[in-house]
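Below: one structure, written as structure tokens.
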2 protein chains.
Amino acid sequence: MSMKIAEGKLDIPAAAGYLKLPEERLENLTQRRLLVPNKGRYQQLFHFETSVSGIERGSVLYQKENGEFELIHGFPKIRRAMLLEPAIRKQFINTKTLCVEEKMNGYNVRVILFQERLIALTRGGNVCPYSTEKANLLLNIDFFRDNPDYVLHGEMIGPENPYVPKEIYGIESLAFFVFDIREKNTGEPVSISRRRQLAEEYGFLEAPLLGNYKLEESAEAIFKHIQELGKIGHEGVVIKDPEMIVSPIKYTCSQSNCSDLLHAFKFYNDVGRDYLFSRVVREGFQSAEWSESENERSERCLRLGESILVPMIETVKKVRKNERVIDEVRIRVQDLETLKEFEDYSRLLGLEAIFSEPEKVGDEYLIHIHKINRSTSDKTEAMWNGDLW
Amino acid sequence: MSMKIAEGKLDIPAAAGYLKLPEERLENLTQRRLLVPNKGRYQQLFHFETSVSGIERGSVLYQKENGEFELIHGFPKIRRAMLLEPAIRKQFINTKTLCVEEKMNGYNVRVILFQERLIALTRGGNVCPYSTEKANLLLNIDFFRDNPDYVLHGEMIGPENPYVPKEIYGIESLAFFVFDIREKNTGEPVSISRRRQLAEEYGFLEAPLLGNYKLEESAEAIFKHIQELGKIGHEGVVIKDPEMIVSPIKYTCSQSNCSDLLHAFKFYNDVGRDYLFSRVVREGFQSAEWSESENERSERCLRLGESILVPMIETVKKVRKNERVIDEVRIRVQDLETLKEFEDYSRLLGLEAIFSEPEKVGDEYLIHIHKINRSTSDKTEAMWNGDLW
């Protein structure tokens, strides 16, 4: 049986029954715009803007053509270790061996098959048109046909990335690295060995495995990995129970913290106060746990100070010369329709950006995007005009 | 005519008439505890916990024995220059000469004569029992008898200071430095020359005068003062119109910013997120305006990084060794009743502190106070126990 699902309109009694939530609760969520339809091409997809009893923020709900509901759970929050050794000891108390994978620095998407096309859901639950084109280009669709109950969780990595562009991975445009496979509806993960087996079968790239370690040897081993990853500017690690029963935890390199700040403070007035504070605190804990020498500590202090002040100073000087403070990113599309959809999507998200004319490169188009950080430019200009803080 | 004023109870119709505010407004403020009586010995004094049309937060209202009302205006906010030269140019556009005074690092009190005794009002409008004893000890009461319409604004400075203890001024216990004299009821300031004349007449200490400068020479001169003040660990400057018609502005040294952070990050989890952010931003603007060399900029970055991380690292290590994180201050009183009142007052303000036994020194008593910063101790301990952030 196939039925027509009205776009942008949720069948609340049926959805409430499926989610096992009171109808009024769901009604209330839609009225308060906390459960909203997608704005672009996929208005049949609804996403949660808040977390609701067991359903994470960013979860996506829709009806299939046969009328059945499906829920794609949001990304589970991976909590952070501040002190590595105590955190591992407490979190993995009953786990003999730990699997340590690299935490790559890009942006997270969940990929599903929907109406015979792959779609990429962002952390918030939106369908990103650019990531969607890339998912269809990069991923073997057979995986989704053969495993209709699975959702692919991965990191989009590389320089042609409108959110977190990185050159450090030696990727030319953008690549998709699987880090998790989870069931629809329940959100349950498959074990790491099963994930690896599937990734190999369908030719997916995966977040690099750094090693499997006995619990009691893992902190020491991770410490060394973090040192090495830091040197090459990579982000950090995710520490996992191979069976994926205990939740993973993450731990990051000082250099990556600082590189976040280095980028953020170019736009100092757009940076969240918590963003700064949380990174500073990570540095303090890491230095304390690692019992650094005075020299190492000085290096860390200088690195922290420079990553905050140097970009900010450059911004203030730039504005004095009447230059605007912009963030330059680029994307590469096959279909100009994707570009149009991505422009609309960016505008809907409130991003102020200038898109260059598409430049034909082979059978693709390269587009340069200038994101405008108005708050920082305006505030800095006001200071140069003598306003007080 | 003398009348009995009920303690802790405000005559709302009369007060509303005096303040030219609707009765309901005042009624509402008292009900919402935004206009509250003092808790200690002076329950006839009411202070504003919020600002209300033209009345600053911290303003104090009371009835005199003859039934007349008096309003002691709160400290006017002194706004901060981020970029010195443009800020001076804009703020003092019609002022020929500027008076530059040192901004001293202590805590602000307003002093008035009330029932034949001096009382010291804090920034928030409370009567601080310790500052009150000190005001009576340090200040010539004749000033207040001869000038019943004036309020003395000053900074309490020195090491025997329960709020901001500083050794840098070479003061043995605590001293009072006048920086402003204002009228009761209107809050209008007297000119700087009049203030100086009065201070001299009654033997008051004053915030040091750094110089009077022509408008167009002032930024350069202040730049040099800031350099010198920074070297000796002093805080910064307040830039004033000698007639006190235009509002003063302030500007501080990098070293003072960093010394604030150095103290605050000992208690990293008790620090406001804005506290960190605002200081960081000041550093960025100062460096940009002063066109520092690469060397100077590196020094600044290291100084900033160290003032955040070094105290925090020490705290984290201390907690590992099961030591508590405390802030040690001391006070010196003449009357043990003051000590008792100050203990009650601290508790009422929500401060958790341990007071030592008073130690007799000459005809005074020295008391050591350990302020306990529970949030930082508890959070750090939780991390060492393996909790996640």
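Positive-end ranking of A:G40, A:G233, A:V329 along the dipole of the protein assembly as shown, with charges on Cβ about the Cα centre, is headed by A:G40.
Computed from phi, the 3J(HN,Hα) profile of segment A:29-38 under the Karplus parametrisation 6.51, -1.76, 1.60 (θ = phi - 60°) reads 5, 5, 5, 7, 6, 9, 10, 10, x, 4 Hz, with x in place of Gly and Pro. Averaged over residues, the count of other Cβ atoms within 10 Å places the peptides B:248-255, A:163-170 in the sequence B:248-255, A:163-170, highest first.
When B:R89 is represented by a point 7 angstrom out along its Cα-to-C-beta vector, the spacings to that point in the other copies are 6.0 nm, nearest first.
Spin-label model, A:N212/A:E314: points 7 Å from Cα along the beta carbon direction are separated by 4.4 nm.
From largest to smallest, what semi-axes in whole angstrom does segment B:1-158 give when each is the square root of 5 times an eigenvalue of its alpha carbon gyration tensor?
Details: eigenvalues 183, 92, 43 Å².
Equivalent-ellipsoid dimensions as semi-axes: 30, 21, 15 Å.
Shielding value for B:282-290 is 6, the average number of Cβ atoms from other chains within 10 Å of each residue's Cβ.
Along the axis of the charge dipole computed for segment B:288-360 (Cβ charges of +1 for Lys and Arg, -1 for Asp and Glu, origin at the Cα centre), the listed residues B:V319, B:G350, B:S291 are led at the positive end by B:V319. Label-to-label distance, B:K96 versus B:D378, with points set 7 angstrom from Cα along the beta-carbon direction: 6.1 nm.
Shape analysis of chain B yields a ratio of the Cα radius of gyration to the Kirkwood radius, Rg/Rh, of 0.98.
Taken one residue at a time, the phi angles of segment B:204-219 give Karplus couplings (6.51, -1.76, 1.60, θ = phi - 60°) of 8, 6, 10, 4, x, 7, 8, x, 10, 10, 4, 3, 6, 9, 6, 4 Hz. Gly and Pro are set to x. Please state the shape class of segment A:79-249: rounded when a/c is under 1.5, otherwise prolate if a/b exceeds b/c and oblate if not, all from the C-alpha gyration tensor. Oblate. Can you give the direction-averaged projected area of the convex hull of the alpha-carbon atoms in segment A:326-384, in nm²? So the mean shadow area of the Cα hull is 4.4 nm².
Between copies, A:K64 shows label-point distances of 8.5 nm, shortest first, with the point placed 7 angstrom from Cα along Cα to C-beta. In terms of its C-alpha gyration tensor, segment A:150-297 comes out oblate, because a/c is 1.5 or above while a/b does not outweigh b/c. Annotation: Cα Rg of segment A:254-320 relative to the compact-globule expectation 2.2 N^0.38 Å equals 1.17.
For GluC sites (Glu not before Pro), no site in segment B:270-303 is both called loop by DSSP and has at most 14 other Cβ atoms within 10 Å.
Could you tell me which residue out of A:F223, A:V271, A:L98 lies farthest along the dipole of chain A toward its positive end? Charges go on the beta carbon: Lys and Arg +1, Asp and Glu -1, centred on the Cα centre. Among A:F223, A:V271, A:L98, the one farthest towards the positive end of the dipole of chain A is A:V271.
Using C-alpha pairs under 8 Å with a sequence gap of at least 6, the mean separation divided by the residue count of segment A:286-389 gives a relative contact order of 28 percent.
Across peptide A:292-300, how many C-beta atoms of other chains are within 10 Å of each residue C-beta, on average?
2
Exposure proxy shown here: for A:S256, B:S193, B:S298, the number of other Cβ atoms within 10 Å sets the order, fewest to most, as B:S193, B:S298, A:S256. Ascending distances from the B:Y18 label point to its copies in the other chains, with the point 7 Å along the Cα-to-beta-carbon line: 6.7 nm. Dividing the helix sum by the residues of chain A, where each DSSP H run of 4 or more adds -39500 (n - 2.57), gives a mean residue ellipticity at 222 nm of -12000 deg cm²/dmol. Measuring between alpha carbons in the structure, the pairs from B:K134/B:K360; B:K64/B:K240; B:K20/B:K184; A:K166/A:K321 lying more than 25 angstrom apart are B:K64/B:K240; A:K166/A:K321.
If the chain linking B:S173 and B:E328 were pulled fully straight, counting 0.36 nm for each residue of separation and taking away their Cα-Cα distance, it would gain 54.3 nm.
Volume of the convex hull of segment B:214-264 (Cα atoms only), normalised per residue: 79 Å³.
The mean of 1/r over all pairs of different alpha-carbon atoms in segment A:12-72, once inverted, gives a Kirkwood hydrodynamic radius of 11.6 Å. Partners of B:K90 within straight-line reach, counting aspartates and glutamates whose Cα lies under 18 Å from its Cα and excluding those fewer than 8 residues away in the same chain: A:D378, A:E381, A:D387, B:E216, B:E217, B:E220, B:D241, B:E243, B:E289. Net charge dipole, the protein assembly as shown: roughly 660 debye, given to the nearest 20, about the Cα centre with Cβ charges of +1 for Lys and Arg and -1 for Asp and Glu.
What is the magnitude of the charge dipole of segment A:79-249 about its Cα centre, with +1 placed on the Cβ of each Lys and Arg, -1 on the Cβ of each Asp and Glu, and no other charges, expressed in debye to the nearest 20? Computed charge dipole of segment A:79-249: roughly 500 debye. Annotation for segment B:63-95: trypsin sites (Lys or Arg not before Pro) lying in DSSP loop with at most 14 further Cβ atoms inside 10 Å of their Cβ are B:K77. By the rule of a C-alpha distance below 12 Å, with chain neighbours fewer than 8 residues away ignored, the aspartates and glutamates paired with B:K39 are B:E7, B:E341, B:D344.
Only Lys, Arg, Asp and Glu carry charge here, each on its Cβ (+1 for the first two, -1 for the last two); on that basis segment A:254-320 has a dipole of about 420 debye about its Cα centre. Within segment A:262-389, the proportion of C-alpha pairs whose separation exceeds 21 Å stands at 57%.
Eigen-decomposition of the gyration tensor built on the alpha-carbon atoms of the protein assembly as shown gives equivalent ellipsoid semi-axes of 57, 30, 29 angstrom, largest listed first.
Placing pseudo-labels 7 Å out from each Cα toward the beta carbon at B:K371 and A:I354 gives an inter-label distance of 4.9 nm.
Using Cα-Cα distances under 8 Å and only pairs 6 or more residues apart, what relative contact order does chain A have, in percent?
Relative contact order, chain A: 14 percent.
Each reported figure results from applying straightforward, stated rules to the coordinates on display, with no laboratory input. Since this is a predicted model, take the numbers as computed values, not measurements. Ideal geometry is used to build each Cβ from the backbone, glycine not excepted, and the neighbour counts take in all protein chains shown.
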